[in-house]
Amino acid sequence: MPVQLTCCSHSPLMRTDIEATDATGQEAFYAGIDAAGERLRAFNPELVVTFYPDHMIGFFLDLMPSFCVALGAQSAVEFGIEQTPLRVPKALGEQLVRHLHEQGFDTAFSHKLVVDHGVSLPLIQLTGGVDTYEVLPIFVNCAGDPRPSFQRTRLFGAEVGKFLATTGKRVAVIGSGGLSHDSPTSRIAKATPERFLRENKRSAEEQIEFEHRGVENARGVVAGSNEGSKLPSETWDREFLDSFVAFDERRLDGITDDEIDNDVGGGTHEVRSWVAAAACARELGPIESEVVFYKVILEWITGMAIVLGSDGA
């Protein structure tokens, strides 16, 4: 059946006034994401499925599932993104959850999921808005330790794909997150989990202050004054991208939390979303993938990449 895969890095810093260290890098990313968006819209999907990481905006450490399927969702108010209901196909989501349960994946579900920029940014960039298409957001826990293993994440994504293959729909699959970056969220969550309990959720004013601090942190990274923050690693990113495009299951399954935490920083756990998305798409067709953009954009504190895949249909 027709399927299209788009995996792309995100950084909410692209929606701030952070100064560019290399304007051509930003311009090249925007050109790449615009082209990917044109490709997706030309594909005219009947359903968009997005695997994404949350940044302690919709999920908290009061209760952290490994996976969660949205049966209803709205975008979070952050980084200039407004609250907007997503067009979630509830009945299809319920069928997916039942299928996953029958296959041994005890996924959670939500009738009122708040999705953060892990969902809204790629949807805005690729489709023009969060409500352009019917979209099924699927959360993968990448921030709260302990996380699902890379192997379990891959198998989960593949099972989602097996279900979608029975629907006959034209499906665009999006993987959002990563690549290498040292977001402090996972580190803070492990050391002081009380910071990320629902009762301590940021107010609107605190969210604005949080965003301002994020910009200042990024400026410190650019200036080399944030000694506690790891820089994005082009070496790790390119090795991951090679394994990802080839879909080397042995290498992907072998990625560990210790490797990520010690070598490239906690934000990199988000590549789980890419693995789930690719595994899903590969159950829908013989996907051929290629890296169409990669560059470390330091002011966005992230290795930014775009990978496109299609079954050729």
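Only the coordinates and a few stated rules stand behind these numbers; no lab work does. Everything quoted here is computed from the prediction, not taken from an experiment. FYI the Cβ positions are ideal-geometry reconstructions off the backbone, even for glycines, and counts take in every protein chain you see.
Eigenvalues of the alpha-carbon gyration tensor of the range 93-200, scaled by 5 and square-rooted, set the equivalent ellipsoid semi-axes at 26, 19, 14 angstrom, largest first. Projecting the Cα atoms of 212, 16, 84 onto the dipole axis of the chain, where Lys and Arg carry +1 and Asp and Glu carry -1 at the beta carbon, places 84 farthest toward the positive end.
Extension gain, residue 108 to residue 83: 0.36 nm times the residue separation minus the Cα-Cα distance gives 6.7 nm. Given their separation in residues at 0.36 nm each and the Cα-Cα distance between them, residue 19 and residue 291 gain 95.3 nm when the chain is fully extended.
Among 248, 261, 116, the largest mean-square fluctuation in a Gaussian network model of the chain, built with springs joining Cα atoms closer than 10 Å, belongs to 248. Rounded to 0.05, the FRET efficiency of the residue 44 and residue 212 pair, given R0 = 41 Å and the Cβ-Cβ distance, is 0.55.
For the chain, the tally of Lys pairs with Cα-Cα distances below 19 Å comes to 7, considering only residues 8 or more apart or on different chains.
Between the listed residues 231, 163, 254, the Cα displaced farthest toward the positive end of the dipole of the range 3-310, a dipole computed from Cβ unit charges relative to the Cα centre, is found at 163. Taking the charge dipole of the range 24-128 about its Cα centre, with +1 at Lys and Arg Cβ atoms and -1 at Asp and Glu Cβ atoms, the residue from 127, 53, 115 reaching farthest to the positive side is 127. Hydrophobic long helices, here whole DSSP H runs in the chain with Kyte-Doolittle means of at least 1.0 and Cα atoms spread over 27 Å or more along the helix axis, are not found. The distance from the alpha carbon centre of the range 23-45 to that of the range 69-133 is 22 Å, rounded to a whole number. Secondary structure note: in the range 1-150, about 35% of the DSSP beta bridges are antiparallel.
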